[in-house]
Amino acid sequence: MAALCLRKLIHQATRNETSCINKYLDIPLVQTMQKTTFSQALMMVMAGAKRRLMFVPTKSFCTTEEAEKKPEGKGKKPNAPKTFGSIGRKIPQRILHVISENGDSLGNMHRGDVIRLMNERDLKLVPLRENEEPPVYRLMTGKQIYEEQLKRREKQKASSKAGPVQLKELTFSAAIAKHDLEIKIRQIQQWIDKKHHVRISVQQQNVADGPEKMLALFDQIVETMPEKATYLSQPRVIKEGKSTCVLRHMSDKEASEYRKMEKEKTDILNQESGNETESSELQ
């Protein structure tokens, strides 16, 4: 029965001029099959199968090396900065140097004692310097962590927006006309608004007047830009008859302190004027 089936298969392959045996065993049977007997064809099939039998070296199916080389986390950058926040209660180190929520040092503590302290005060543990020995951690409230995260975001945003600082220079005479000085001041204001540094050099024609006139001119320029410009380099005499200074843009903190100081000055003046008014009325 098997021989009958094989003979039928050989005749069918011959009629279609394609042979599955030729395809897989690489034996040219298409043109010679009709001239061979069944026994001869069977011998050719066996010989072809024996000739094509070979071992192909393949890579073993193992993902151990790939797993070791693959970075942890999908799409995670190896040098990505860590976010500021609580690590929960899974503390990898055994001994920690702990700082309280008020900024006081609590010394070295066992992680079990730290967890108990966190539970008692309802605090969170934030890593500060994990590479030190022992590593430094701080206990913080949720509000403190949130405020610190906002500060870091604002600082990062400001540093990304800050472009290269350019140094602009202006040189003019201390005897400059009022209109020309106003034009110079407007140019300085534009540079300060762009947060550039501005070096101002003033040449004094009459050396006998002394440097006081030039220093007063520098102060006059700064006073035209309240809450904006301040000295990066204080006015100084670089040679006889010539003085220079460098201006820069105020930081937000400096501008806030300037406003606070001006408000205090105004309150003092108002108080003094009120006292003078009361004394005059009494007289």
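The values are calculated or read from the model by the stated rules, or taken from the named source; none is laboratory data. Bear in mind the structure is a predicted one, so any value in this text is a computation, not a measurement. FYI the Cβ positions are ideal-geometry reconstructions off the backbone, even for glycines, and counts take in every protein chain you see. Just so you know, the surface numbers come from the protein's heavy atoms only, side chains and all, with ligands and any DNA or RNA stripped out. Shrake-Rupley method; radii C 1.70, N 1.55, O 1.52, S 1.80 Å.
Of note:
- Residue tally, condition at pLDDT 90 or above and under 35 Å from the mean Cα position of the chain (by Cα), over region 195-221: 4
- Some residue of region 149-167 being loosely packed, with under 15 Cβ neighbours inside 10 Å, over 30 Å from Gly103 (Cα atoms) and at pLDDT 90 or above: yes
- Enumerated strands (runs of 3 or more DSSP E) restricted to region 113-215, each holding at least 2 residues that are aromatic (Phe, Trp, Tyr) and within 19 Å of Val246 (Cβ to Cβ): none
- When the criteria are applied in full, Asn102 meets the requirement of being in a loop (DSSP other than H, G, I, E, B), over 24 Å from Gly241 (Cβ atoms) and either open to solvent by 60 Å² or more (accessible area, probe 1.4 Å) or of a type outside the set (S, T, N, Q) (or both).
- For region 212-233, the condition of being open to solvent by less than 20 Å² (accessible area, probe 1.4 Å) and at positive phi holds for none of the residues.
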